[in-house]
Amino acid sequence: MFSKSKIELKKEFSQEAYKVTQEGVTEAPFTGKYLNHRDKGMYKCVVCGTELFSSGAKFDSGTGWPSFTEPANLNNVELKEDLSHHVRRTEVVCRHCGAHLGHVFPDGPKEAGGNRYCVNSCALGFEKKN
């Protein structure tokens, strides 16, 4: 079970990563370090290290954030209704630690299921694999 306190997280992460993962803020578009990242491997939760998205599911959506067609393991993410900003959306959070990752939208590639998991770069870490 995840056990870091908000105080520990605030000390460990940048202000932006803390606000995104703990307060549900969205990083500015076209600024994230993983937007144009092409290495093969696994994207993990920056807070707890849980495996979230494979590089094989990543695609260029043109939206300004890293986008994935599906999680590497559906058991590692939780989808929640988000009614903030007077818009109905589906929030994506890490099931292990509760970190806000981004949102999922139904406008992804049809041949890959039609979903676009739009994820904040600062909510992710990356483990390169051959």
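Here, each number is a calculation from the coordinates, and none is a lab measurement. If you're wondering where the values come from, they're calculated on a predicted model, not measured in any experiment. Heads up, the Cβs are rebuilt from the backbone with ideal geometry, glycines too, and the neighbour counts pull from every protein chain shown.
Of all residues in the stretch 101-115, those being of a type outside the set (A, V, I, L, M, F, W, C) and buried (at least 23 other Cβ atoms within 10 Å of the Cβ) number 1.
Identification of strands (runs of 3 or more DSSP E) wholly contained in the stretch 39-91 with 3 or more residues that are surrounded by fewer than 17 Cβ atoms within 10 Å (Cβ to Cβ) and among the polar types (S, T, N, Q) yields no element. Scanning the stretch 4-41 for residues that are polar (S, T, N, Q), out of contact with any Lys or Arg (no Cβ under 8 Å at 6 or more places or on another chain) and within 22 Å of Cys97 (Cα to Cα) gives Ser5, Ser14, Gln15, Thr21, Thr26.
Looking only at the stretch 37-86, residues that are among the β-branched types (Val, Ile, Thr) and closer than 21 Å to Leu9 by Cβ come to 4 in all.
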